[in-house]
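Working notes, structure below.
Read-outs: derived from the displayed coordinates by stated rules, not from any lab. These numbers come from a predicted model, not from an experiment. No Cβ is skipped: glycine too gets one built from the backbone with ideal geometry, and neighbour counts run over all protein chains shown.
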Amino acid sequence: MNALVNLVVERTGLGEDKAQMAVDAIVDFLKQRAPAGLAGQIDALVAGEGSSASGIAASIRSGIDGLFGRKE
């Protein structure tokens, strides 16, 4: 998550503490609205851990498609 916080600091000029608060708020927002089972993958993506980013992105896309009734 440090990379994301650093990016927010660079792009907004916010201090690190405020950027951390912003990132936490956004991640919590996404996890609350994500389909069941994706919260852990969001955490892994933000932390830069777990399976590859492309695999996580595909899972998130699949979950979002499910929200809108789209099936592959």
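What is the extension gain from E16 to A47, computed as 0.36 nm multiplied by their sequence separation minus the C-alpha to C-alpha distance, in nm to one decimal?
Details: separation 31, 0.36 × 31 = 11.16 nm, distance 1.67 nm.
That works out to 9.5 nm of additional length.
Quick one: what are the phi-derived ³J(HN,Hα) couplings along segment 16-23, Karplus 6.51/-1.76/1.60 with θ = phi - 60°, whole Hz, x for glycine and proline?
Result, ordered by residue: 4, 5, 5, 5, 4, 4, 5, 4 Hz.
PRE reach from N2 (point 7 Å along Cα→Cβ): which of segment 16-35 fall under 15 Å by backbone N?
16-17, 20
Any number yet on Rg/Rh for segment 1-53, C-alpha, Kirkwood? Intermediate results must be reported in sequence, preceding the final value.
On the way: Rg = 11.7 Å, Rh = 11.6 Å.
Answer for segment 1-53: 1.01.
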